[in-house]
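> Okay, here's the structure, questions in a sec.
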Protein chains: 2
Amino acid sequence: MIQSPVWRSPITASDRVLAEIQQAIVAGEIPAGSKISEPELARRFAVSRAPLREALARLERCHLIERTPNAGARVVTLSTAGLRSLYEIREELEGLACRLAAEHMADEEIADMRRLLDQHLQEQRVREGESYYQEAGDLDFHYRIIFGSKNQYLINILCDELYYLMRMYRVQLGMNGPRVSRAFDEHKAIIQAIANRDGELADLLMRRHVSASRHHIEIQLQQMGK
Amino acid sequence: MIQSPVWRSPITASDRVLAEIQQAIVAGEIPAGSKISEPELARRFAVSRAPLREALARLERCHLIERTPNAGARVVTLSTAGLRSLYEIREELEGLACRLAAEHMADEEIADMRRLLDQHLQEQRVREGESYYQEAGDLDFHYRIIFGSKNQYLINILCDELYYLMRMYRVQLGMNGPRVSRAFDEHKAIIQAIANRDGELADLLMRRHVSASRHHIEIQLQQMGK
DNA sequence: ACTTAGCAGATTGTCGACAATTATAATTTA
DNA sequence: TAAATTATAATTGTCGACAATCTGCTAAGT
């Protein structure tokens, strides 16, 4: 399991509840569009409303719920428009991350990333199509590049604010399936560009990579919706 | 005064306190880098710690404070690295906003924006160098384009999460001064590109516009720092 | 003299209860 | 019968107090 980049030791009740609700929403256990009842959730997770509200504030921050004053909170509803908006930003920012990573990543980090990618590739060949490892590997790849950008705000936006929502789309729309081997090739090409300190190329390749992923999801979404 | 785009009627004590603390931090009344004392602020604004903590959560969201569990919150410290990180993202996302605006803005909205720009230009010529109107006009321009993108997350990131921090840099580094008339010309060119539905050009022009602004600030920062 | 252990003070995290607002349902009226 | 209105119930926002944790200082030990 890959954990949140900004790690505030998860000892507080608020952190624990946040993690549990995040998972529940992403997994659809708390349905999209449903209303959030503070007393109910407080009972369910055995905490007072104070840490629960703290958790809700952070859930709003990563766009998993929407709150209106004096009226409560609702889990976000998934839509094709929302998905497109999300990917529009992701494409742009992950491209930027690549450009910055090509500039700021240490050689050591790049070598590490290469080693890890090969390792994931081997695991992948063994467990063909096992979606968990695939996703974990993919995530690790993207995370490392984003962190390699050394841009605090970029890291925060992509890994804290948009990540869980993307995960929610993937999980609830059943985005397992193939597009694995090609993704691996694309990953390798991107790393190569970063290793060559070719930020522009890495940017371009990453945009295409994300764009392909988006296309893949949109098609799957169309087949589903109608 | 231009108010936050997502307007949650500011009746709650939390909203009121949030607005006051935001202003105090941006203006430097609560110094950058200083520690936040919950009891002290609660007394100062005559509220309990509950709404104050709600406000602190939102201040963390717009990067004006940094919290560590069980250790309290500090006002962020300004740095050239932070400023650069901020502008790297702003450049990218405002460029994206232009591209999307060229695609999604209604003719009516574009016409409105043009009218408003001319009006601001007149006001500008009358009150030569009056920084408030200048900034208000500049802000209005950028806001309209960002909203024109019709991308919820983009709007949220730029107008809610990064705006106040940029404002803090501008205010505390004393970014008044000229670069006015040229900025107006750049604004006109960007609007023209959007009116022509030329997203790529609008993107390019906006990136240059933001980049020029960043350059301008960095120079002023260098002259100051040493 | 410097490091380390322990203690006092203050601060943050959490709790339960109350007040203000909103949503729901029953009731009345056109 | 349908719309408007009032009353009730539930939910959210806020408060003050208690418990857990951290910070800074004192004091003992090497």
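The values are calculated or read from the model by the stated rules, or taken from the named source; none is laboratory data. Here the structure is a predicted model, which is why all the values come from computation and not from measurement. We place every Cβ from the backbone using ideal geometry, glycine too, and count neighbours over all the protein chains shown. Side chains included, ligands, DNA and RNA excluded: accessible areas come from the protein's heavy atoms. Shrake-Rupley method; radii C 1.70, N 1.55, O 1.52, S 1.80 Å.
> Can you count the Lys pairs in the protein assembly as shown whose Cα atoms are under 30 Å apart, with each pair 8 or more apart or on different chains?
9
> How large is the translational diffusion coefficient of region B:35-86 in µm² per second when you combine the Kirkwood radius over alpha carbon pairs with Stokes-Einstein at 37 °C and 0.692 mPa s? Could the numbers behind the result be given before it?
Details: Rh = 11.9 Å.
D, rounded to a whole number, is 276 µm²/s.
> Can you list the residues in region A:71-102 whose accessible area drops by at least 50 Å² when all protein chains are present, compared with the chain alone? Use a 1.4 Å probe, heavy atoms only.
With the partner chains in place, region A:71-102 has these residues losing at least 50 Å²: A:88, A:89, A:92.
> What does the average come to when, for each residue of peptide B:13-24, you count the partner chain Cβ atoms lying within 10 Å of its Cβ? Let's see the in-between values first.
Working: counts 0, 1, 1, 0, 0, 0, 0, 0, 0, 0, 0, 0.
Counting other chains' Cβ atoms within 10 Å and averaging over B:13-24 gives 0.
> Just to confirm the filter: which trypsin sites (Lys or Arg not before Pro) across region A:1-100 are DSSP coil and have at most 14 other Cβ within 10 angstrom of their Cβ? Walk me through the numbers before you get to the answer.
Numbers: sites: A:8, A:16, A:35, A:43, A:44, A:49, A:53, A:58, A:61, A:67, A:74, A:84, A:90, A:99; in loops: A:8.
Within region A:1-100, the qualifying trypsin sites (Lys or Arg not before Pro) (loop, at most 14 other Cβ atoms within 10 Å) are A:8.
> Rounded to the nearest 100 Å², what is the sum over both chains of accessible area buried where B meets A, with a probe of 1.4 Å? Display every interim value, and only then the final one.
Numbers: alone 12550 and 12530 Å², together 22050 Å².
The contact between A and B buries close to 3000 Å².
> Assign unit charges at the C-beta atoms only (+1 for Lys and Arg, -1 for Asp and Glu), then state the dipole size of the protein assembly as shown relative to its Cα centre in Debye, rounded to the nearest 20. Don't skip to the answer; put the middle values down first.
Working: 60 positive and 64 negative charges, 202 e Å.
About 980 debye.
> Please compute the per residue accessible area over the protein assembly as shown with all protein chains in place, 1.4 Å probe, rounded to a whole number of Å². The partial results should precede the final answer.
Working: 22050 Å² over 452 residues.
Averaged over the residues of the protein assembly as shown, the accessible area is 49 Å².
> Give the Cα extents of region A:25-119 along the principal axes, in whole Å, largest first.
51, 32, 24
> Also: For A:158-165, what's the mean count of beta carbons from other chains sitting within 10 Å of each residue's beta carbon?
Details: counts 0, 0, 0, 5, 2, 0, 0, 1.
Mean shielding count: 1.
> To continue, here is another question. Round to a whole angstrom and tell me the spacing of the C-alpha centers of region A:49-122 and region B:17-96.
22 Å
> What are the label-to-label distances in nm, one decimal and shortest first, from residue B:212 to the same spot in the other copies, with labels 7 Å along Cα to Cβ?
Here the equivalent label points are 3.9 nm apart from this one.
> Could you please state how large a percent of the accessible area of the protein assembly as shown is carbon and sulfur, counting protein chains only and using a 1.4 Å probe?
51 percent
> Counting GluC sites (Glu not before Pro) as exposed when in a DSSP loop with at most 16 other beta carbons within 10 Å, what is the longest stretch of chain B free of them?
Result, exposed sites excluded: B:30-127.
> Determine the calculated [θ] at 222 nm for chain A from helices alone, applying -39500 (n - 2.57) to every DSSP H run no shorter than 4 residues and normalising by the residue count; nearest 500 deg cm²/dmol.
Values: 10 runs with 154 residues, N = 226.
Rounded to the nearest 500, it is -22500 deg cm²/dmol.
> Give me the three principal axis extents of chain B from the C-alpha atoms, as integers in angstrom, largest value leading.
Taking max minus min along each principal axis of the Cα atoms, chain B gives 54, 43, 33 Å.
> To continue, here is another question. Counting only residues 5 or more places away or on other chains, whose amide H sits under 5 Å from the amide H of residue A:36 once H atoms are built in the peptide plane?
Correct list: A:73, A:74, A:75.
> Can you list, shortest first and in nm, the gaps between the label point of residue B:195 and those of its counterparts in the other copies, using a point 7 Å from Cα in the C-beta direction?
Counterpart label points of residue B:195 in the remaining copies fall at 5.1 nm.
> Got a number for the accessible area of residue B:80? Probe 1.4 Å, square angstrom, nearest 10.
Rounded to the nearest 10, the figure is 90 Å².
> A further question on this structure: Put a point 7 Å out from Cα along the line to Cβ at residue A:19; what are the distances to that point in the other copies, in nm, shortest first?
3.9
> OK, next. Short version: which residues of region A:41-64 lose at least 40 Å² of accessible area, all chains versus chain alone, 1.4 Å probe?
A:54, A:60, A:61, A:63
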